[in-house]
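J.: Provided herewith is a single structure, encoded as structure tokens, for subsequent inquiry.
The values are calculated or read from the model by the stated rules, or taken from the named source; none is laboratory data. In this text the structure is predicted, and so the values were computed from the model without any measurement. All Cβ positions, glycine included, derive from the backbone under ideal geometry; neighbour counts span all protein chains shown. The area values use the complete protein model at the heavy-atom level, side chains included, leaving out ligands, DNA and RNA. Shrake-Rupley method; radii C 1.70, N 1.55, O 1.52, S 1.80 Å.
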Amino acid sequence: MDYVKKTFFGRRKGKGMSKAKEDLLSTRMKDFEIILPTKGKIDFFKLFDFTPKKVIFEIGYGDGEHIVNMALKNPDIAFIGTEVFMNGNASILRKIIDNNIKNIRIFPDDVNLLFPFIPSGVFDTIFVLYPDPWPKNRNEERRMINKNNVKLFADFLKSDGNLFVASDHPVYIPWVLFVMQNQDSFTWTALKSSDFTTPPKDWETTRYEQKAIAENRKPIYLNFVKK
């Protein structure tokens, strides 16, 4: 597989991060953090004290609401999450600890650093939920859904695995559909408009999504299955 070296654009640590969050990150991150190996791929199954029936990957979990609620409802499934922003990492750590969650492991950095260490066919589902849209045309290469990443996701997923993308941005949704229509590894599952305008069964919403709906920004839910 081809891994494109990328530079993260933006501030990882937000202004006004509390001392409590900084202390949490420094003392507890080690208990849940995925450490990149010096060679070879990561064995995600060995990160847990049980044998997961599925492994689900969420890229950019924000404050962790979606992945945490899924993990609480599915203790026999392993959840791998990444988030580059430290405030979000502190928030998910607090949720994991307070709820005594055993089935989440996190990579608290740029997901592009993790990609080369992910083995083929390990994930059942990949979630890319409300990513930074990078709406200007000159920044298209920074979008998480792009030609190169779609090839990587196809490799990471099991046969019939799902790539699930949600966004409320009027530039990002057409972009995703354009990219996905110009590849041969995935099929869009939608048969009618309600398949992408309503959330799927057992959907775990987030505060961001609820704010978008309250502000009349319509979320779109796109599910692609690996051929």
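J.: Count, please, the residues in the stretch 192-216 that happen to be over 24 Å from Val68 (Cα atoms) and surrounded by 12 or more Cβ atoms within 10 Å (Cβ to Cβ).
T.: Qualifying residue count, the stretch 192-216: 1.
Matching residues to (1) under 22 Å from Val179 (Cβ atoms); (2) in contact (Cβ under 8 Å) with a residue 40 or more places away in the chain; (3) part of a strand (DSSP E or B):
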{"residue": "Ser26", "(1), (2), (3)": "no, no, no"}
{"residue": "Lys39", "(1), (2), (3)": "no, no, no"}
{"residue": "Lys46", "(1), (2), (3)": "no, no, no"}
{"residue": "Asp49", "(1), (2), (3)": "no, yes, no"}
{"residue": "Val55", "(1), (2), (3)": "no, yes, yes"}
{"residue": "Asn69", "(1), (2), (3)": "no, yes, no"}
{"residue": "Pro75", "(1), (2), (3)": "no, no, no"}
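Rundown of residues vs (1) of a type in the set (Lys, Arg); (2) at pLDDT below 95, yes/no style:
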site	(1), (2)
Pro131	no, no
Asn137	no, yes
Met144	no, no
Asn149	no, no
Asp155	no, no
Lys158	yes, no
Gly161	no, no
Ala166	no, no
His169	no, no
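J.: Of the conditions (1) out of contact with any strand residue (DSSP E or B) (no Cβ under 9 Å at 6 or more places or on another chain); (2) within 23 Å of Gly40 (Cα to Cα), Val111 clears all except one; give me its number.
T.: Condition (1) is where Val111 drops out.
J.: Scan the stretch 206-227 and report the pairs whose first residue is closer than 21 Å to Pro174 by Cβ and whose second residue is part of a helix (DSSP H, G or I) and open to solvent by 70 Å² or more (accessible area, probe 1.4 Å), with Cβ atoms within less than 7 Å and a gap of 6+ or a chain change.
T.: Pro219/Ile213
J.: A further question follows. Identify, by number, the condition in (1) more than 16 Å from the chain's Cα centre (by Cα); (2) open to solvent by 30 Å² or more (accessible area, probe 1.4 Å); (3) not polar (S, T, N, Q) that Lys54 doesn't meet.
T.: (1)
J.: Checking the structure you have, find out if any residue of the stretch 116-125 is without any contact (Cβ under 8 Å) to a residue 60 or more places away in the chain and outside any loop (DSSP other than H, G, I, E, B).
T.: No, there is no match, as no residue in the stretch 116-125 is without any contact (Cβ under 8 Å) to a residue 60 or more places away in the chain and outside any loop (DSSP other than H, G, I, E, B).
J.: State the number of residues belonging to the stretch 140-150 that are closer than 18 Å to Phe127 by Cβ and part of a helix (DSSP H, G or I).
T.: 2
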